[in-house]
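Structure, as structure tokens:
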Amino acid sequence: MLLPALRRLALLIVGVGVGTLVVSVLLGLVFGASLPRAIALGYYLVGSFLLLAGFFFGNRGPVRPRGDSDVGGGLILRGRRVRWATRDEQAEAINYSAVYVVLGLVLIFLGLASDNKHALF
């Protein structure tokens with residue numbers, strides 16, 4: 001079970017990394033920036049966005065909006081009908097948060113590695 005999960009994570013990292021690389025190169029060419037700097041800034045921006053998304057996904061509260069398809073009782077909070085999140089929904093929020101944070105950290109590291117303004121070694 002761990003090996004297929006790592007394979008999916010690697011595919012996700014490669015997909016987002018290549019997509020960010022392509023968009024960064026195109027925007028760097030349009031704005032006349034050097035390619036290594038454009039690539040690094042692209043990785044920094046997307047990685048930072050994913051870190052923020054991971055933070056907000058992980059900090060969702062235990063209540064969810066109640067849809068029309070929900071049955072049963074629910075409480076009314078500030079004029080809205082809400083329900084308690086199931087254990088699966090809470091676990092899913094934590095899992096998405098972990099994936100976004102890991103992906104964000106990897107992209108920021110790729111930005112550090114590709115940045116010619118600051119040498120790693």
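The values are calculated or read from the model by the stated rules, or taken from the named source; none is laboratory data. As the structure is a computational prediction, the values presented were derived from the model and not from experiment. Every residue, glycine among them, receives a Cβ derived from its backbone with ideal geometry; neighbour counts consider all protein chains shown. Heads up: the accessible areas ignore ligands, DNA and RNA and are worked out on the full protein's heavy atoms, side chains in. Shrake-Rupley method; radii C 1.70, N 1.55, O 1.52, S 1.80 Å.
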How much of residue 23 can a 1.4 Å solvent probe reach, expressed as accessible area in Å² and rounded to 10?
80 Å²
If you count, for each residue, the other Cβ atoms within 10 Å and average over each peptide, how do 35-43, 93-101, 14-22 line up from highest to lowest?
35-43, 93-101, 14-22
If you put +1 on each Lys and Arg Cβ and -1 on each Asp and Glu Cβ, how big is the dipole of the chain around its Cα centre, in Debye rounded to 20?
300 debye
Projected label distance in nm at residue 10 and residue 88, using a 7 Å step from Cα toward the beta-carbon
3.0 nm
Among (i) 38, 17, 12; (ii) 23, 17, 12; (iii) 117, 9, 4, the entry that matches semi-axes √(5λ) of the Cα gyration tensor in Å as calculated here
(i)
The answer for the chain, accessible area per residue at 1.4 Å probe in Å², is 72 Å²
Keeping all protein chains in the complex and leaving out DNA, RNA and ligands, what accessible area do you get for residue 3 with a 1.4 Å probe, in Å² to the nearest 10?
140 Å²
Leaving out ligands, DNA and RNA, and with a 1.4 Å probe, what % of the accessible surface on the chain is carbon or sulfur?
70 percent
For n ≥ 4 DSSP H runs only, could you compute -39500 (n - 2.57) per run for the chain, divide by its residues and tell me the 222 nm figure to the nearest 500?
-24500 deg cm²/dmol
The chain - percent relative contact order, Cα under 8 Å, separation 6 or more:
33 percent
